[in-house]
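Let me begin by presenting the structure, written as structure tokens, before commenting on it.
The values are calculated or read from the model by the stated rules, or taken from the named source; none is laboratory data. Just so you know, these numbers come straight off a predicted model, no measurement behind them. Here Cβ is always computed from backbone atoms with ideal geometry, including for glycine, and neighbour counts include all displayed protein chains. In case anyone asks, the SASA skips ligands and DNA or RNA and just uses the protein heavy atoms, side chains included. Shrake-Rupley method; radii C 1.70, N 1.55, O 1.52, S 1.80 Å.
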Amino acid sequence: MSDTLGSVIRVGLTGGIGAGKSTVAKTFIERGAYHVDADRIAREVVEPGTPGLAQLAEAFGPEILDADGALDRAALAARAFVDDESRTLLNSITHPLIGARTQELTDAAPADAVILHDVPLLVEGHMAPFYHLVAVVHADADIRLDRLVNLRGMDADDARSRIAAQATDDQRRAVADLWFDNSGTPDQLAAQAVAAWEERLIPLRDNIASGTAATLPTDAVAYDPEWAILGQRVVGRLWALLGANASAVTHVGPTAVVGQSAVPVIDIEATVADLAAADSVADALAAGGFPRAASSDDERLHVSADAGRPVRVHVRPAAH
């Protein structure tokens, strides 16, 4: 593999409001994760004196500034969320600034970093395919409501509306490579995060650095409906890695057959123009978590570097 691959991995961290993401983030950071906080960036790009704040004031009027010249978020919300046109204007100003700052911080990460991108609206923004792994912190809505009202002092109706406006549990489960149950104590949640760090994140980073495929299971098991969900998740990830280089990316093989027992390995077929095109995407796949494992006249085989997500990627020319 190319020496330029490095061993950086990007982990998306999300969860509903009040779920307890901060405990997981703190646990990862204590172990060396490089933290990129979407909420902090969103505040930073509109601080006093920034071009972002000046653009907002020009677009929505000086009334969105408080007496000290800082952003009055309630006043901005009253103007920016009145209709779709105003919301689109707000996003056209803030999103490019947030994206540029996020990329700047990501580019500054050490070569062997586990980059932890803390994004409350990761699911809502359809960002999951762009991470090596997605970690979701979960707590039932009634537990989150209690925390928001009794620990944060939030108005109960406001808390309910915020919870309802976010992604559903099923939508989060569909993208979750790591699912942290925060129905217990903070220490119990932190213990789950430590196990994920040691058993998934560091081995994945090190395997990507060395171009090593994880060992795949070999024994057949009963059909698991989760295979279809995982297949969809991996297909999305591969589209993000391959882009226009692929004409089709499809979950195939025994695990794609409903009701059939199989060895629990997700087989994905990625169709490209020819074997030269298959070779041209090898580094992107390897850096994305799928190092090459074998080559033949029919395909280039890549295997997941993550033992917790057993996947084979068959990169095949259109006329194989």
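So, with +1 on the Cβ of K and R and -1 on the Cβ of D and E, and no other charges, what is the size of the charge dipole of the chain about its Cα centre, to the nearest 20 debye? Before the final figure, lay out the partial values.
On the way: 26 positive and 45 negative charges, 57 e Å.
Dipole about the Cα centre, nearest 20: 280 debye.
Dipole orientation for the chain: of the candidates ALA262, LEU204, ILE9, ALA262 has the Cα lying most toward the positive pole (charges on Cβ; Lys, Arg +1; Asp, Glu -1).
Assigning unit charges at the beta carbon (Lys, Arg +1; Asp, Glu -1) and nothing else, what dipole magnitude in debye, to the nearest 20, does region 43-141 show about its Cα centre? Could the numbers behind the result be given before it?
On the way: 5 positive and 16 negative charges, 23 e Å.
For region 43-141, the charge dipole is close to 120 debye.
Between VAL36, VAL45, VAL137, the Gaussian network model of the chain with springs among Cα atoms under 10 angstrom shows the greatest mean-square fluctuation at VAL45.
Counted over the chain, the DSSP beta bridges are approximately 35% antiparallel.
Inter-label distance, VAL263 to ASP224: 1.5 nm, where each label sits 7 Å from its Cα along the C-beta direction.
With +1 on the Cβ of every Lys and Arg and -1 on the Cβ of every Asp and Glu, and nothing else charged, how large is the dipole of region 101-211 about its Cα centre, in debye rounded to the nearest 20?
Rounded to the nearest 20 debye, it is 120 debye.
Computed over neighbours whose Cβ is under 14 Å from that of THR23, the net charge equals +1, Lys and Arg +1, Asp and Glu -1.
What is the diffusion coefficient of region 154-204 in µm²/s, taking the Kirkwood radius over Cα pairs and the Stokes-Einstein relation at 20 °C with a viscosity of 1.002 mPa s?
Details: Rh = 13.2 Å.
My calculation gives 162 µm²/s for D.
Remark: region 7-20, residue by residue, has Karplus-estimated 3J(HN,Hα) of 9, 5, 10, 10, 10, x, 10, 8, x, x, 4, x, 6, x Hz, where x stands for each Gly or Pro and the curve is 6.51 cos²θ - 1.76 cosθ + 1.60 at θ = phi - 60°. Of interest is the spacing of the C-alpha centroids, which for region 154-226 and region 62-121 amounts to 26 Å.
Heavy atoms of the protein chains alone define the surface here; on that basis region 1-140 has 49 Å² accessible area per residue at 1.4 Å probe size. Local charge for LEU53 was computed over the other residues whose Cβ lies under 15 Å away, with Lys and Arg +1 and Asp and Glu -1, and equals -3.
Between SER295 and LEU301, the built amide H atoms are under 5 Å apart, and every one of these is 5 or more places off in sequence or on another chain.
Quick check: convex hull of the Cα atoms in region 1-78, volume per residue, rounded to a whole Å³? Before the final figure, lay out the partial values.
Working: hull volume 13.9 nm³, N = 78.
Once divided by residue count, the hull of region 1-78 is 179 Å³.
Here the peptides 290-296, 303-309, 37-43 are ranked by packing, the mean other Cβ count within 10 Å, and the order with the highest first is 303-309, 290-296, 37-43.
Once the mean of 1/r is taken over each pair of separate Cα atoms and inverted, region 80-219 shows a Kirkwood hydrodynamic radius of 18.2 Å. Note on the chain: Rg/Rh from C-alpha atoms, Kirkwood Rh, equals 1.01. Remark: the Cα gyration tensor places region 1-138 in the prolate category, a/c being 1.5 or greater and a/b exceeding b/c.
Surface listing: ASP155, ASP72 arranged by accessible area from highest to lowest gives ASP155, ASP72, probe 1.4 Å. For region 178-320, with the dipole built from +1 on Lys and Arg beta-carbon atoms and -1 on Asp and Glu ones, taken about the Cα centre, which of THR250, TRP179, TRP227 lies farthest toward the positive end? Value computed over the given set: THR250.
For region 228-308, the Kirkwood hydrodynamic radius from C-alpha pairs, put into Stokes-Einstein at 25 °C and a viscosity of 0.890 mPa s, yields a diffusion coefficient of 187 µm² per second. Considering all different alpha carbon pairs of region 103-155, the Kirkwood hydrodynamic radius works out to 13.9 Å.
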